[in-house]
Structures are given as structure tokens and as C-alpha cells.
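Encoded as C-alpha cells, the structure appears first; notes follow it.
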Amino acid sequence: MSKRNTQQRRHTIVSLVNEKGEVSVDQLATFFATSEVTIRKDLTALETNGLLLRRYGGAIAMPSEIVSADVEDNVSIRKLAIAKAAALRIRDHNRIIIDSGSTTASLISLLGSKQGLIVMTNSLNVANALNELENEPTLLMTGGTWDPHSEAFQGQVAESVLRSYDFDQLFIGADGIDIARGTTTFNELIGLSRVMAEVSREVVVMVESDKIGRKIPNMELPWSNISTLVTDDGLSAEAKEQIEHQGVQVICASVE
């Protein structure tokens, strides 16, 4: 099916969900005369973009309070702009790591046109969303110990698995950016992030501009380990210059 038909189908699914409040995978498969696998991929993509919520066997409309918050708050718009700029760096057949986090997860819906990708992740949410893409990238999981704080696998097992591979790119977020030092995080488990950076030729940090200058006690990745920072156009010229002085390429995505 063409991309245009896929977009039309997904637009109609959102309309049906908003009208009925809840729809099932079987109902949608019958309505569109397509497979349940295709419908599940549609629902995953739509949930990633914040247009509905998945439920077992189907989907429900976004609660009105969440929709209102999203309309009033441009955080999700900024994340999508950052993800679009980051996705342009990915080529067919690249081997990439996508770390856990909402900003990095925004990448997934933009990978549908990339062929032959190999993707490693430590996040179940990222893994499930990748598995729903029509181009079906090869999916690798780190394994390890589940950390409820980061909602991702961590620990020595995960680090050992990562060291068995090499990757073209790592896409990773941050809770804050110390302009003089690098990325900072609330999470005390930083070992896996550092190993991810070690095994990747290019380290791409994806973070909204309002987190830049936010100093959090736990230092994660120093600037010497970071190749590229992708942020939004809210970054000041002064901060951009200071980060570039650290030898990091800075990309400021335009927020429309």
C-alpha cells in the first residue's frame, strides 16, 4: 500500500476513535479490508504521535485533559522537530542504538522509509514500536536488569551485550545539559549510557532547548564523547557557540 493510502487510513482511524471513543483491531481490519498486523502498526504509530491510546485488542480516544494539555504545551511539537532533524542523519542499512526516553522515541515513527536498519535498544516501549514498523528493521535488545526509574534495562549484562557489537550512531536524550561539561541525568545508573557511546561512531544527543543549562548532579556523557547535539530553535546564540567550542556539532531544528 502507498504511503498516501497509509496516511489516509490512519487519518480515518483517528476520526473513528474520536467519534466512537473506542475501536477494536478486528473492527478496523474489517472496515479497511486489511490485515490485523497492518492495523496494529497503524495504532502504534498513532499512539507514538499522541493521537490515541492503545488498549488490548484496540484503541481509545485520548482523554480530553491530555489533548488540551498537548494543544497548550509545545513540548511534543519541539520533540517532533528534534526527531525530524535527527532522523535525517540516519541512512539505509545503518546500525543504530535508540536509548530509552520520550524524545528519542519520537524518532521511531520517522524510520518507516529507512531500509535495512539494525536497531538496538534497552527500552521495551521503543522495541514494541519498532516491531510495528512496516519496513521491519532488525531489532536487538540489550537485556539486563529492569530499572523502573528509567523504564529500561540496565546493568552489567546489558553492557556486555553492547560490547559485542559496533554501531554507526547512538541516539540518546538527557535530563539536563551542563554547557561546560556535557549531559546530566537524574538517574544514578549511567554505566550503560557510557558503553552505548563507546561502541558508537557518532553520538547524537536529542534534547529540548529548555534543558540546556540545567545542571543535575549526575554527570552522564562528557562533551568529548558527544558528536552532535540536536535541539530546537529556542537555543540562544551564546549557548550554541559555547557548545560548539567543545567540538560538538549543534543542530537547531525549526519549530513550526
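Being among the β-branched types (V, I, T), over 25 Å from G116 (Cα atoms) and in contact with a Lys or Arg (Cβ under 6 Å, 6 or more places away or on another chain): is that true of V207 here?
On the way: among the β-branched types (V, I, T): yes; over 25 Å from G116 (Cα atoms): yes; in contact with a Lys or Arg (Cβ under 6 Å, 6 or more places away or on another chain): no.
Answer is no for this residue.
Name the residues in segment 117-135 that are of a type in the set (V, I, T) and either in a loop (DSSP other than H, G, I, E, B) or under 17 Å from R163 (Cα atoms) (or both), would you? It would help to see each step written out before you state the result.
Here is the first cut: in segment 117-135, the ones of a type in the set (V, I, T) are 118-119, 121, 126.
Once the filter is applied, which keeps residues that are of a type in the set (V, I, T) and either in a loop (DSSP other than H, G, I, E, B) or under 17 Å from R163 (Cα atoms) (or both), segment 117-135 yields I118, V119, T121.
Condition test on I118, is it at pLDDT 85 or above, over 19 Å from M206 (Cα atoms), touching an Asp or Glu at 6+ places or on another chain (Cβ under 7 Å) and surrounded by fewer than 19 Cβ atoms within 10 Å (Cβ to Cβ)?
Details: at pLDDT 85 or above: yes; over 19 Å from M206 (Cα atoms): yes; touching an Asp or Glu at 6+ places or on another chain (Cβ under 7 Å): no; surrounded by fewer than 19 Cβ atoms within 10 Å (Cβ to Cβ): yes.
So I118 fails the test.
Identify the single condition in (1) at pLDDT 85 or above; (2) over 30 Å from V161 (Cβ atoms); (3) surrounded by fewer than 14 Cβ atoms within 10 Å (Cβ to Cβ) that S68 does not satisfy, given that it satisfies every other one.
If we test S68 against (1) at pLDDT 85 or above; (2) over 30 Å from V161 (Cβ atoms); (3) surrounded by fewer than 14 Cβ atoms within 10 Å (Cβ to Cβ), just (1) comes out false.
Which one of T231, T184 is β-branched (V, I, T) and within 23 Å of H149 (Cβ to Cβ)? Give the derivation first.
Values: T231 fails: within 23 Å of H149 (Cβ to Cβ).
Answer to the selection: T184.
Out of contact with any Lys or Arg (no Cβ under 9 Å at 6 or more places or on another chain) and more than 22 Å from D175 (Cβ to Cβ): is that true of L111 in this structure? Steps first, answer last, please.
Working: out of contact with any Lys or Arg (no Cβ under 9 Å at 6 or more places or on another chain): yes; more than 22 Å from D175 (Cβ to Cβ): yes.
So L111 fits the description; yes.
So if I check each of R181, R201, which one is modelled with pLDDT under 95, out of contact with any Gly (no Cβ under 8 Å at 6 or more places or on another chain), over 26 Å from S76 (Cα atoms) and surrounded by fewer than 23 Cβ atoms within 10 Å (Cβ to Cβ)?
Result: R181 is the single residue among R181, R201 that is modelled with pLDDT under 95, out of contact with any Gly (no Cβ under 8 Å at 6 or more places or on another chain), over 26 Å from S76 (Cα atoms) and surrounded by fewer than 23 Cβ atoms within 10 Å (Cβ to Cβ).
Could we say that G101 is under 20 Å from R54 (Cα atoms) and either surrounded by 19 or more Cβ atoms within 10 Å (Cβ to Cβ) or among the hydroxyl-bearing types (S, T, Y) (or both) here? Give the steps one after another, and end with the answer.
Numbers: under 20 Å from R54 (Cα atoms): yes; either surrounded by 19 or more Cβ atoms within 10 Å (Cβ to Cβ) or among the hydroxyl-bearing types (S, T, Y) (or both): yes.
Taking the combined requirement at face value, the residue satisfies it.
Identify the residue in segment 27-64 that is assigned to a helix (DSSP H, G or I) and free of Cβ contacts under 8 Å to residues at least 12 places away in the same chain and, among all such residues, is most open to solvent (accessible area, probe 1.4 Å). Steps first, answer last, please.
Step one: list which residues in segment 27-64 are assigned to a helix (DSSP H, G or I), which gives 27-32, 36-48, 64.
Next, from what is left, pick out any that are free of Cβ contacts under 8 Å to residues at least 12 places away in the same chain: 29-30, 36-37, 64.
Numbers: A29: 11, T30: 109, E36: 75, V37: 83, S64: 85 Å².
Ranking the candidates gives T30 first.
Tell me, please, whether a residue that is crowded, with 17+ Cβ neighbours inside 10 Å, closer than 30 Å to H245 by Cα and in contact (Cβ under 8 Å) with a residue 12 or more places away in the chain can be found in segment 155-167. Break it down stepwise before answering.
Of the residues in segment 155-167, the ones crowded, with 17+ Cβ neighbours inside 10 Å are 155, 158-159, 161-162, 167.
Now drop any that are not closer than 30 Å to H245 by Cα, which leaves 167.
Retained after the next criterion (residues that are in contact (Cβ under 8 Å) with a residue 12 or more places away in the chain): 167.
Looking for residues that are crowded, with 17+ Cβ neighbours inside 10 Å, closer than 30 Å to H245 by Cα and in contact (Cβ under 8 Å) with a residue 12 or more places away in the chain, one finds at least one in segment 155-167, hence yes.
Being in a strand (DSSP E or B), open to solvent by 40 Å² or more (accessible area, probe 1.4 Å) and touching a helix residue (DSSP H, G or I) at 6+ places or on another chain (Cβ under 6 Å) narrows it down to one of L139, L170, L221, so name that one.
Values: L170 fails: open to solvent by 40 Å² or more (accessible area, probe 1.4 Å); L221 fails: open to solvent by 40 Å² or more (accessible area, probe 1.4 Å).
Matching residue, one of L139, L170, L221: L139.
The values are calculated or read from the model by the stated rules, or taken from the named source; none is laboratory data. All values reported here derive from a predicted model rather than from experimental measurement. When we count neighbours, we look across all protein chains shown, and the Cβ atoms used for this are built from the backbone with ideal geometry, even at glycine. Quick note on the areas: whole protein, heavy atoms, side chains included, nothing else; ligands and nucleic acids left out. Shrake-Rupley method; radii C 1.70, N 1.55, O 1.52, S 1.80 Å.
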